[in-house]
Every structure is written in C-alpha cells, then in structure tokens.
Amino acid sequence: MASHPPLVLVHGLWDTPRLFHRLQQRLANRRSPLLIPQMPIWLGRTPIQDLAAILGHRIEAAFGPNTPIDLLGFSMGGLIGRTWIQQQGGQSRTRRFISVGSPQQGTPLAQPWPRWLLAGIADMKLASPLLNELNANPASLEGVECSSFYCPSDLMVVPGWRAVLPVGPRQALPVFTHRQLMREPAAIERLAAELLRP
C-alpha cells in the first residue's frame, strides 16, 4: 500500500465536515490520519485570511509544525486552503493541493455583498484584493503539486472554468451542479483516485 501524508479536507460556505462523508466512505480508511475541521465561516462573515489562520492552527495542533500534508478544499474551502498555503506558511509543508469547485478566480455571485457585512464572501469577488494578491504571486505555489476539479455548468462559481488554480492540471468532472461535485459517484471516484495515487 502506498504511503501518504496526513490528509486535510476543508469544507466551504454553508457546509459542515459531513460534506465529505461519501468521499470518506470511498477512501475506506486508506488516507489516514485524516483531519476535517469545522470552519467558523459564519455565513460568510469571517474573512478568508482569518479562516486560513484558523486552519493553520488546527493543522499544527493535529500534526505538529512540520509534518507534510495533502489538502483538499471544496468551494470556499479551496480558497481558504490556498490562502494558508500562499500567505501563511503552508507552502513549506503542503505536498499536494486539490481545489474542487473553488472560486480561485472569483465569482460574480459575490459581487453584491459589501465587505462590512460579509467579508468572507466579499473576498470571493472578481478581482478582490485577496484574489489579486494571490494571483500576483504564483511562485508561492511552487513546490506544491496543485490540481483543480470543476463543474462546467456550475451556478455558484460562474462560469465554471473560474474554479481553477493558476497552476497545475485542470479537470472538468461529469456533473451538472456545484453540490454534485462532492455527491455524485462519478465525481467521488475521480477525487478518490487523485487522493489515492502515490
């Protein structure tokens, strides 16, 4: 059996760790240890940089300061993970980063929301200050094996191709909605295969 580092799964807006139940079943304990933290997103009020700091603290509490990890983030969770990797030191310990349906290039659905009300959602606006900072420094992803999975007909990240990182391979999954990225067997199969490869 291939040896893997610990795996961290990060949920998105309106989600809980239960989001990953089907993926966990498919992995069948072949990715252990596993950390799925409950993120205090508070309906999008918490800024993504604050959530990234919380994620970093929980990873360190679970695995210590130096143990390499793999990280998969769904939806807003992918942007939280990316922010931790690029801005808060996660690059040095992340082996593989998998973004699933995450607004890495922003989404128009975030445009109406003011930062004073919903800072985390405002961070996902097209060309938000956070996204501009992340995209201006792609070198901070060097050394991390990145990949993006997305839904072409996604109505949360619009258009679906915006749900991709600026580096690494990109793969459309055979689903029709944002939620199906973490629910449909065809999507779960591909994500599990990515997580189980050496």
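The values are calculated or read from the model by the stated rules, or taken from the named source; none is laboratory data. Note that the structure is a prediction, hence the values are computed from the model and not measured. Every residue, glycine as well, gets a Cβ built from its backbone with ideal geometry; the counts of neighbours run over all protein chains shown.
Conditions (1) charged (D, E, K, R); (2) in contact with a helix residue (DSSP H, G or I) (Cβ under 6 Å, 6 or more places away or on another chain), marked per residue:
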{"residue": "60", "(1), (2)": "yes, no"}
{"residue": "67", "(1), (2)": "no, no"}
{"residue": "121", "(1), (2)": "no, yes"}
{"residue": "131", "(1), (2)": "no, no"}
{"residue": "142", "(1), (2)": "yes, no"}
{"residue": "145", "(1), (2)": "yes, no"}
{"residue": "148", "(1), (2)": "no, no"}
{"residue": "155", "(1), (2)": "no, no"}
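Just one of the numbered conditions (1) surrounded by 18 or more Cβ atoms within 10 Å (Cβ to Cβ); (2) more than 20 Å from residue 43 (Cα to Cα) is not true of residue 121; which one?
(2)
Across segment 127-154, what is the number of residues that are surrounded by fewer than 14 Cβ atoms within 10 Å (Cβ to Cβ), hydrophobic (A, V, I, L, M, F, W, C) and either closer than 24 Å to residue 42 by Cα or at pLDDT 95 or above (or both)?
2
Which numbered condition in (1) in a strand (DSSP E or B); (2) at pLDDT below 95 is the only one that residue 32 fails?
Result: residue 32 passes all but (1).
Being under 20 Å from residue 119 (Cβ atoms), out of contact with any Cys (no Cβ under 9 Å at 6 or more places or on another chain) and modelled with pLDDT of 95 or more is true for just one of 90, 73, 64. Which residue is that? Reasoning before the result, please.
On the way: 90 fails: under 20 Å from residue 119 (Cβ atoms); 64 fails: under 20 Å from residue 119 (Cβ atoms).
73 is the lone residue from the list that is under 20 Å from residue 119 (Cβ atoms), out of contact with any Cys (no Cβ under 9 Å at 6 or more places or on another chain) and modelled with pLDDT of 95 or more.
Name the residue, out of 62, 53, 28, that is among the small types (Gly, Ala, Ser), exposed (fewer than 13 other Cβ atoms within 10 Å of the Cβ) and more than 26 Å from residue 155 (Cα to Cα). Reasoning before the result, please.
Details: 62 fails: exposed (fewer than 13 other Cβ atoms within 10 Å of the Cβ); 53 fails: exposed (fewer than 13 other Cβ atoms within 10 Å of the Cβ).
Unique residue meeting the criteria: 28.
Can you go through 185, 174, 169 and tell me which one is under 24 Å from residue 19 (Cβ atoms), in contact with a strand residue (DSSP E or B) (Cβ under 9 Å, 6 or more places away or on another chain), modelled with pLDDT of 95 or more and surrounded by fewer than 20 Cβ atoms within 10 Å (Cβ to Cβ)?
169
Which pairs do you get when a residue that is touching a residue at least 40 places away in the same chain (Cβ under 8 Å), found in segment 161-173, comes within reach of a residue that is part of a loop (DSSP other than H, G, I, E, B) and of a type in the set (Gly, Ala, Ser), reach meaning Cβ atoms under 8 angstrom, with the pair 6+ apart or on two chains?
Sorted first by the residue in segment 161-173, then by its partner, the pairs are 162/106; 163/101; 163/102.
Any idea how many residues of segment 9-38 are closer than 17 Å to residue 60 by Cα, among the aliphatic types (A, V, I, L, M) and touching a helix residue (DSSP H, G or I) at 6+ places or on another chain (Cβ under 6 Å)? Reasoning before the result, please.
Within segment 9-38, the subset closer than 17 Å to residue 60 by Cα is 9-10, 32-38.
Okay, now just the ones that are also among the aliphatic types (A, V, I, L, M), so 9-10, 34-36.
If we keep only those that are touching a helix residue (DSSP H, G or I) at 6+ places or on another chain (Cβ under 6 Å) as well, we get 9-10, 35-36.
Matching residues across segment 9-38 total 4.
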